[in-house]
Amino acid sequence: GDCMLELAGADPESDFFGIELHRASIATALKEADDRGLRNVRVCKHDAALVLRDHLPPAPLFAEVYILFPDPWPGKGNADRRILRSSTVDMLAER
């Protein structure tokens, strides 16, 4: 959340949408956003690939996308869990 909060603080006219799985990370980011008075930060607790696939329309929604510290999910059996794969990049390009 630190990077998103820094970006949000530097550009208060833009909206920032974070997707995170861990409650503690979400709570920390939202508390820090509140402490800083940032009103342009939103965070969703979910799997990012599923949010892209199931909850966001294929329309121009984002000017920029940052993928910070993605879990690598090593091993062939976990390939479908990785955020950085061609299907996810295609979905991001549509949005």
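The values are calculated or read from the model by the stated rules, or taken from the named source; none is laboratory data. Since the model is a prediction, treat every value here as computed from it, not as a measurement. Cβ: placed from backbone, ideal geometry, glycine included. Neighbour counts: every protein chain shown. Keep in mind that these areas ignore ligands, DNA and RNA; they rest on the heavy atoms of the full protein, side chains included. Shrake-Rupley method; radii C 1.70, N 1.55, O 1.52, S 1.80 Å.
For the list (1) assigned to a helix (DSSP H, G or I); (2) within 18 Å of ILE67 (Cα to Cα); (3) in contact (Cβ under 8 Å) with a residue 24 or more places away in the chain; (4) open to solvent by 70 Å² or more (accessible area, probe 1.4 Å), I need the number of the one condition that GLU6 fails.
Condition not satisfied by GLU6: (3).
Here's a check for you: in the stretch 12-31, which residue that is of a type in the set (D, E, K, R) and touching a residue at least 12 places away in the same chain (Cβ under 8 Å) is surrounded by the most Cβ atoms within 10 Å (Cβ to Cβ)?
GLU20
Exactly one condition in (1) at pLDDT below 95; (2) open to solvent by 70 Å² or more (accessible area, probe 1.4 Å); (3) over 15 Å from LEU68 (Cα atoms) is false for ARG36; which is it?
It fails just one condition, (1).
Out of the residues in the stretch 42-94 that are basic (Lys, Arg) and at pLDDT below 80, state the one that is surrounded by the fewest Cβ atoms within 10 Å (Cβ to Cβ).
Among them, the one singled out is LYS76.
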